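Written below as structure tokens is the structure these notes are about.
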Amino acid sequence: MRKTHSCKRTHSPRVAALRVFALLSAAAMSASMACRAGESALASFNRDIEPVLDQYCYDCHGAGFNKGGVDLDDFHNDSDVRNHALWWRVMKNVRAGIMPPAGKPRVPPEDVKRLMTWIKLEAFSLDPAHPDPGRVTVRRLNRVEYRNTIRALTGVEFDTLKEFPADDTGQGFDNIADVLTISPMLLERYLDSAQTIIAQVVPTQPRVVAEQLLPGKQFATLKAEEPDVLPGAAPAPGAGAEREKDGASGSPAKGPFKRPAPKAVGDALDLSYYTPAIVAATYKATHPGKYQVYVNLKAVENYVDDQFDLNRCRLVFKVDGETLISQEFVRESDKTLEFTFDRSWQPGDHPLTFEVQPIGPDRDQKRLLRLRLNAVTVRGPMAPEFWVQPATYAQFFPRNVPFWPVSRRKYAAELLGGFATRAFRRPVDPETVDRLVAMASSVSSQPGGTFEAGVAQAMVAVLASPRFIFRDEEVEPLRPGQVDPFIDEFSLASRLSYLFWSSMPDDELFRLAGKGELRAQLPAQVARMLADKRSSEFISNFTGQWLEARDIANVQISPFAVYLREHPDPEVEKAIDTFRRLNRVAEEKRTPEEKEAFSNARKAFFTLIRSPKAQLTDSLREAMRRETEMVFAYVIKGDRSLSELIESNYTFLNEDLAKHYGIQGVVGPQMRKVMLPADSPRGGVITQGTVLAVTSNPTRTSPVKRGVFILDAILGTRPPPPPPNIPALEDAASPEKLRTMTLRENLALHATNKTCAACHSRMDPLGLALENFNAMGMWRDAEMNRPIDPGGRLITGETFSNVRELKHILATAHLRDFYYCITEKMLTYALGRTLDYYDVETVDHIVEQLEASGGRSSVLLQGIVNSAPFQQRRQPGTRQFADGSAREPSLLTATNDHAHEDPR
Amino acid sequence: MKTPADPASELRNAAMSRRHFLRGIGACVALPTFGSLLSAKALGAVTSDLRLATTATGAPLRTAFVFFPNGAIPSRWWPGGAEPAFSLSPTLQPLEPVSRYIQVLGGLAHANANPGNDGGGDHARGNSVFLTGVRINKSATDIRAGVSIDQVIANHVGHLTRFPSIELCCDATRKSADCDSGYSCAYQYNISWQSPTTPMTPESNPRLAFERLFGEGPHGERAKNAQRRMMERRSVLDFVMADARDMQQRLAKRDQEKLDQYLTGIRDVEKRIQKAEQFGPNVDPDQPTPAGIPAKQVEYVELMYDIMLLAFKTDSTRVATFVLGHDGDNRSFSEIGITEGHHDLSHHQNNPERIDKVAQIDRWYVEQFSRFLARMDSIPDVDGHSLLHNSRIIYGSGNADGNRHTHENLPVLLAGNGGGAFHGGRFVQHGAKPLSNLFLNLADTAGVTGLSHFGDSTGRLANV
């Protein structure tokens, strides 16, 4: 255990400071709270705390009772009574009003204050004058940080989300140092990626063959048939017969046949299989000689399960009017198509044209087949006298390579020292530079080696080094009166940049850290970093995990099941049952009656499946995620009140999302701020599409999951998980009854079981208040033909009749809980570690300031970056624990009993 | 389903043609010859190696662990009739064609997956206890499990092959927010643990799994590319090793563990480079590299099984783990008409309709496994037996009854004859014994010596 700073050891200056603080604090509340010289924690407990607990807690947690495994009167000595895990739980549960439970007398505020102060000063032995910054394990870059750091360092877009395995998470975040491990497979990836990245961007030759890229979007459309110029399913007579002979059999298209024009997609150009079109670009040769033309295409399609697109087309590619490619394509499953041609050219214009010729007859357009023209690359002239400097040469080699070996070494040292300093995010030592230069020289001196190739190889070593992969922190010397040192300014620069940008520090942060002025300019730098567009990383990574907005991209919701709950139809349900039942019987074994029943059921089933229904399209999911991010960004960047995250009269929408929400008057695909009608249920995170969908089951809403979400992400009081072997609801109601019950009636059964009620009385009212929103986040007034009743009563006593009133309660009566919650979540994210009991002072302090400022977001951000855990590192040796390590036995090993409330 | 920010769906978009991939298996991969295997072993030095991960005929002995999520409906899983005259249950029915290779193992348990003093979190425990048998530390950040049995075996036999072990999964997307009840997500997504603090992260992308085994690029260029990668890696090893040691010396104890993980990885790469010299050029299967994650789950699972099969067939490794889905997985199976999530359904509250749906999912997983076994059985190994004959594949879950979160009488199968050491076509009731006991048998028969106990083992299992 930590060395305790009890009142007995008044000789220590630290304890003296504590005494002073304790006395000052005590003056503000109760003189009897003062820590008396020579008194033990147990003695102060017995005198000041036990009477309070006796009155309000011991009915369940003392005098022989230990409900939920919590016993608050079984202490025999100081070490017993300093049970950090126990008192931390007490603190959280009392603060949030969960304890004493509803219906029991509340603890008066002055007694709560007395208890809290005793816990901090005595049970936790905290020293408010010298808060323990805790310790952060050396943190490796997670895959988002790695990608962004590589981009900032080299300009390369390296897609780590594809190339690296997912990072494990803890406390809901993927940047927790202790949980970020390196398996042998990931280590291999690090070595190989370093090579791939450097090879992609750092030239190994001073001069190379000139290369010009003509991206697909630069190709102009010369001809594209207008939609429906060719009547669908009616190929010209004769031509059709001929094509039939080609083997194009099968039925022609049934529906209307569309002919999309060539369309730019990023830098590429999509050419539809279905549209006769010609696109062209011109390459201007300046010198005569040999050239190489490289064509890069990809066959793309919109994948649809079990539906095939039988359309075909021919692609013709001509250079200077000469046909170089004439090839027929069927559906090609995302195949990449590459072609290379050698040409001898004179100076002047050389037209390059692509022509798509659909091959009839037109078939159903199931998958929107396209040929994606990525680019045509022209290399040449090949003769060495026309070679040019590689495009990225100046970025890495600002000067010509000196001739003499000594100058070369000096130049290499300058380049590699600079690169390693940025990559390691702190000045690199001369010895490391020497090693890098030696490595570069040895590569350069190999046969065929160049100076550039040597430097490039040393850069690979830098990116493979643990000093790049981990964030290596150092501390400043202790200042007078300090117990724990500041982290040095380079470490601080990295902590800031990875917090706000998920990336490395920029030049400005480096410059300030180099001069030792960063700490002094912190508020201005935080403001600058938030205003910078890179802060979108903080916005998306924090909301993506805190509010689970990332998950909207993949959440599985069945439009069919959702539709049926709002449009119940016994006939359709019967048809589905029949279809499912008979579908399992082999066709040859079905009786004639069954065959007919199957055929009818199938027809009804597919009619419903194909009928237009609301669904979460990719663009809608994207809009939902953007809504969550933009609302958060608006509050954070505008220094607005955090309460607007719960309750606001605005949100961010585009046309699709506004329609989805049933809001009129928003036109166009771009997201923008929209003022909401006075009676709108929207505004605030809990009624955003992201939250409503990711907390739903695939077939219906889940009031329980929604309730748990609000408890965890808004109120910071996550309930324990459900016990296994949940009793069958049949014990409380017949199966027939269950089938027709609403979710509310269903959940009401929880009240019949005491074990269930303990937690469900907390989460069910919250979740049921959101029942007006279906699993896709759309408004509804009824489900299963029964009107929805969103009203309820919170365990803390407040009642509401709809979600608007609930939001108002959360944003007023429970605003302090929300401040605690968001402070803890953001501090966890900022530090990359789990919070511990010794962090309560830091959190309390920020929450106090938030309350005083009306919840301004800048107070939260400044509070975090100025906090001891963000600014300092625990001084080794000052806080020793029993096992001799800096690690204290984890609090999270504490018993987590189902039958009881748990603050986590 | 897709946004550009989402890697998994982007990969899925690649919709690779699995048929192209499958065509190659069985036909086009040149097997290492018997002779070359033996000479490789001779190169591997000591003669005692001949007993390691080797069958009686001298063929490679493979060990695999396949994990399926959320347990299985017990009444549909356990065979009817008395042993040995038993009949396959509805869930296990798909194994009929390969039943002579199957042992249904009754009565095995993981006591350390029970709540004990740790409370909720049966899915996290079900996952991480499955191959470790230890009590894992309940924490969202302080992860401590144990060395898993596949890694124990790999530590002993890994030097015989290019890769000591491979780890695969079909969990391409991760959910945000907390995992199970205060346990770190590391517990819930990893079954293989190299050390108590280092999970062996499984590969979810078939392209990357394939490229790691055989090299990048098209057929014909892979051996060369793999060779180039080796050279490139070698060129930076000295530098980064020195950096890591230097950094490790400066850091506190907990940080040193992290640098240890880095150094372990570096030493693995070093060993691999040495092995490359020992084993000669890479095997290069004559089939296209998978494009990414197939859109259909059935194809995704099958493709991952194929990669495991290829790895075994080419003797690239003799130890593999494969997580079909992590415990607690809530995937819906629209492919078989089940729109509800698997985990939601598994808490069926004794509703017959829900029980039926969960059993259908259990059976779906068994069907995929059976198809994989049939392919393993169709491929002759170097000694003329089938690959399946020369393998031991454990198929199981960390929960027995997903509804009640029990960890006794776990659904566990042993497939393959282990080169003749095991006898299939049986249903054996082992009474209440730790699953860890079975792991001791597997380690023994792989030639692991000096392992007196593992996890919570109480001895060897009789009658395997």
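Structure above, values below:
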{"read-out": "Odd one out for residue B:158, checked against (1) within 19 Å of residue B:315 (Cα to Cα); (2) more than 11 Å from every other protein chain (Cβ to nearest Cβ)", "value": "(2)"}
{"read-out": "Options A:222, A:186: the member that is outside any loop (DSSP other than H, G, I, E, B), more than 8 Å from chain B (Cβ to nearest Cβ) and more than 30 Å from residue A:441 (Cβ to Cβ)", "value": "A:222"}
{"read-out": "Scan of the range A:680-703 for residues that are β-branched (Val, Ile, Thr) and under 21 Å from the mean Cα position of the chain (by Cα), ordered by number", "value": "A:685, A:686, A:687, A:690, A:691, A:694, A:695"}
{"read-out": "Subset of the range B:100-126 that is more than 12 Å from every other protein chain (Cβ to nearest Cβ), in a helix (DSSP H, G or I) and surrounded by 20 or more Cβ atoms within 10 Å (Cβ to Cβ) - its residue that is farthest from the chain's Cα centre (by Cα)", "value": "B:112"}
{"read-out": "The lone exception for residue A:73 - which of (1) in a loop (DSSP other than H, G, I, E, B); (2) touching a Pro at 6+ places or on another chain (Cβ under 7 Å) it fails", "value": "(2)"}
{"read-out": "Single match in A:153, A:213, A:121, A:161 (criterion: more than 34 Å from the chain's Cα centre (by Cα) and surrounded by fewer than 21 Cβ atoms within 10 Å (Cβ to Cβ))", "value": "A:213"}
{"read-out": "Filter result (of a type outside the set (Ser, Thr, Tyr) and either surrounded by 20 or more Cβ atoms within 10 Å (Cβ to Cβ) or farther than 24 Å from residue B:386 by Cβ (or both)) within the range B:80-93", "value": "B:80, B:81, B:82, B:83, B:85, B:90, B:92"}
{"read-out": "When residues of the range A:459-474 are limited to those that are surrounded by fewer than 23 Cβ atoms within 10 Å (Cβ to Cβ) and assigned to a loop (DSSP other than H, G, I, E, B), the one nearest to the other protein chains (Cβ to nearest Cβ)", "value": "A:472"}
{"read-out": "Filter result (closer than 24 Å to residue A:493 by Cα, more than 14 Å from chain B (Cβ to nearest Cβ) and among the polar types (S, T, N, Q)) within the range A:107-161", "value": "A:149, A:154"}
{"read-out": "Hits in the range B:134-151 (condition: surrounded by fewer than 24 Cβ atoms within 10 Å (Cβ to Cβ) and more than 11 Å from chain A (Cβ to nearest Cβ))", "value": "B:134, B:146, B:147"}
{"read-out": "Count of residues meeting criterion [surrounded by fewer than 19 Cβ atoms within 10 Å (Cβ to Cβ) and facing chain B (nearest Cβ under 8 Å)] in the range A:532-555", "value": "0"}
{"read-out": "Residue within the range B:294-312 that is more than 8 Å from every other protein chain (Cβ to nearest Cβ) and in a loop (DSSP other than H, G, I, E, B) present", "value": "yes"}
{"read-out": "Among (1) touching a residue at least 40 places away in the same chain (Cβ under 8 Å); (2) more than 8 Å from chain A (Cβ to nearest Cβ) - the single one residue B:291 does not satisfy", "value": "(2)"}
{"read-out": "Qualifying residues in the range B:178-236 (those that are of a type in the set (Gly, Ala, Ser) and under 21 Å from residue B:267 (Cα atoms)) - the one nearest to the other protein chains (Cβ to nearest Cβ)", "value": "B:235"}
{"read-out": "Those residues of the range B:163-177 which are more than 7 Å from chain A (Cβ to nearest Cβ) and among the hydroxyl-bearing types (Ser, Thr, Tyr), in sequence order", "value": "B:165"}
{"read-out": "Odd one out for residue B:146 among (1) in contact with a Phe, Trp or Tyr (Cβ under 8 Å, 6 or more places away or on another chain); (2) without any contact (Cβ under 8 Å) to a residue 24 or more places away in the chain", "value": "(2)"}
{"read-out": "The range B:332-349: number of residues that are in contact (Cβ under 8 Å) with a residue 40 or more places away in the chain, within 8 Å of chain A (Cβ to nearest Cβ) and either surrounded by 22 or more Cβ atoms within 10 Å (Cβ to Cβ) or over 15 Å from residue A:705 (Cβ atoms) (or both)", "value": "1"}
{"read-out": "Hits in the range A:593-640 (condition: within 14 Å of chain B (Cβ to nearest Cβ), in a helix (DSSP H, G or I) and among the charged types (D, E, K, R))", "value": "A:602, A:618, A:621, A:622, A:625, A:626, A:627, A:629"}
{"read-out": "Checklist (1) over 20 Å from residue B:145 (Cβ atoms); (2) not in a helix (DSSP H, G or I) applied to residue B:209, failing item", "value": "(2)"}
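Per-residue answers, yes or no, for (1) away from chain B (no Cβ under 14 Å); (2) closer than 30 Å to residue B:328 by Cβ:
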{"site": "A:643", "(1), (2)": "yes, no"}
{"site": "A:651", "(1), (2)": "yes, no"}
{"site": "A:654", "(1), (2)": "yes, no"}
{"site": "A:686", "(1), (2)": "yes, yes"}
{"site": "A:690", "(1), (2)": "no, yes"}
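Bear in mind these aren't lab numbers, they're just calculated from the coordinates by the rules spelled out. Predicted model, so just to flag it, every value in this text is computed and none were measured. When we count neighbours, we look across all protein chains shown, and the Cβ atoms used for this are built from the backbone with ideal geometry, even at glycine.
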